[in-house]
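A short write-up of the structure that comes next.
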């Protein structure tokens with residue numbers, strides 16, 4: 001079980017790295033647009049995160065754990081909504097608002113920080 005958990009943690013980190021890396025590439029060298037790669041990273045991080053949370057809830061029940069997972073899931077949903085709305089605007093030929101674009105990067109870092117520092 002320990003090796004499987006480590007593999008899922010690795011996939012979770014890859015998902016975050018894909019999301020944040022695609023965002024950073026656009027933020028610091030691109031057109032400040034959302035890309036499909038951000039959606040892929042979000043999906044990988046989300047699915048791996050849920051897989052990590054599932055067995056932990058069985059072995060470590062407690063309100064603090066469930067609050068942390070709920071907050072991280074809400075942040076993930078907000079990131080997904082921002083990317084989805086931004087990509088819909090891009091399809092219509094509209095520019096992505098700067099606040100919406102920068103929020104995705106800040107929220108991605110926030111989610112990583114919550115996972116790392118909230119025990």
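Hey, any hits in segment 62-84 for a residue that's farther than 30 Å from residue 4 by Cβ and out of contact with any helix residue (DSSP H, G or I) (no Cβ under 7 Å at 6 or more places or on another chain)?
Looking through segment 62-84, at least one residue is farther than 30 Å from residue 4 by Cβ and out of contact with any helix residue (DSSP H, G or I) (no Cβ under 7 Å at 6 or more places or on another chain).
Does any residue of segment 53-61 turn out to be modelled with pLDDT under 95 and under 15 Å from the mean Cα position of the chain (by Cα)?
yes
The values are calculated or read from the model by the stated rules, or taken from the named source; none is laboratory data. Everything quoted here is computed from the prediction, not taken from an experiment. Every residue, glycine as well, gets a Cβ built from its backbone with ideal geometry; the counts of neighbours run over all protein chains shown.
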